[in-house]
Amino acid sequence: MGRHEIPVDHTLPERGELAEALRRMRKLAGLSYDELADRTGLSAATLKRAMSGKTVPAEETVKTVATVCGVDQVDALHRLWLNARIADRGRLAQLRKPALPQFIDGRRELSAALEYFYEAAGAPSLRRLAALAGDPYLLPVSSAARIVNRQALPASRQQMVAFLTACGLTGKALDMWGDTFEEIIQSPDGPYSRINALFEKVTEDIRGSGRLRLISHPPVVDGRGNPRFVPGERGAAADVTAVRNLIVHSAAVG
């Protein structure tokens, strides 16, 4: 009779939950650690460590164990691994979730958003990140390192999209963030420069209508330092229409 397993370490609940799931898979498959090692090509020590709850195994280790054990609940298992990885690093909780791309203003905010997406993807290794981008030439390891460490923005829209693809973004989100990237790198690198440019564009169309009036003497700003609009003389109904137009313009630009 084999010795009993050491209980799973639940010091970090997310790690413990993943370890428990891996142990259940092994037991349901009726495999010992040595048998599982033979079939996965991983050492028994690596497998025991992966199922201990003391560390977060590599995602490939989790996938390999699941495949050998005949488990096809890939999405649920990936979520367990991702939760454990994020909790183990502890970095994502310190970051602010990005605003919608059309409201990102400036290189600093964009760089912070990219770090957030990287951490939300489980902070894969830089080589893994380059592979997930689809083409290692699109996202070299050196470039990925500078991006995730907030030392530089992507070198091009193509590299921006490659980075976000590696972080799990898809579809329209890629286009929206790509547009934002292009606007920001073409804008002056100053505080709120992109948002100010947006206001200037919109107010050009509505300044003469009397529906909105931009206060400039003395300047009035909101909590982020952006210019505030105040009602003109035509009343609330005109104001509502003008604000609606402002939102439409904002979405089109962003």
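Please determine, by comparing only the residues of the range 134-152 that are of a type in the set (A, V, I, L, M, F, W, C) and assigned to a loop (DSSP other than H, G, I, E, B), which one is surrounded by the most Cβ atoms within 10 Å (Cβ to Cβ).
Here is the first cut: in the range 134-152, the residues of a type in the set (A, V, I, L, M, F, W, C) are 138-139, 141, 144-145, 147-148, 152.
Pick out the ones that are also assigned to a loop (DSSP other than H, G, I, E, B) and you get 138-139, 152.
Working: Leu138: 18, Leu139: 27, Ala152: 12.
Looking at residues that are of a type in the set (A, V, I, L, M, F, W, C) and assigned to a loop (DSSP other than H, G, I, E, B), I get Leu139.
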Worksheet item: Taking the range 81-109 on its own, how many of its residues are assigned to a helix (DSSP H, G or I) and not polar (S, T, N, Q)?
Response: 15
Worksheet item: Is it true that some residue in the range 68-76 is within 22 Å of Ser125 (Cα to Cα) and open to solvent by less than 100 Å² (accessible area, probe 1.4 Å)?
Response: yes
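I'd like the full set of residues that are part of a helix (DSSP H, G or I) and either open to solvent by less than 30 Å² (accessible area, probe 1.4 Å) or in contact with a His (Cβ under 6 Å, 6 or more places away or on another chain) (or both), limited to the range 154-172. Talk me through it step by step, then tell me what you get.
Narrowing the range 154-172 to residues part of a helix (DSSP H, G or I): 157-166, 171-172.
Result: Gln159, Met160, Ala162, Phe163, Leu164, Ala166.
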Practice prompt. Could you figure out which of (1) open to solvent by 30 Å² or more (accessible area, probe 1.4 Å); (2) within 23 Å of Glu183 (Cβ to Cβ) isn't true of Ala131?
Written response: (2)
Discussion item. Just the residues that are surrounded by fewer than 16 Cβ atoms within 10 Å (Cβ to Cβ), of a type in the set (Lys, Arg) and touching a helix residue (DSSP H, G or I) at 6+ places or on another chain (Cβ under 6 Å), please, taken from the range 10-47.
Written reply: Arg39
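The values are calculated or read from the model by the stated rules, or taken from the named source; none is laboratory data. Owing to the predicted nature of the structure, the values given are computational and were not obtained by experimental measurement. Positions of Cβ are generated from backbone atoms using ideal geometry, with glycine treated the same way; all protein chains shown enter the neighbour counts. Surface areas here come from the heavy atoms of the whole protein model, side chains and all, with no ligands, DNA or RNA. Shrake-Rupley method; radii C 1.70, N 1.55, O 1.52, S 1.80 Å.
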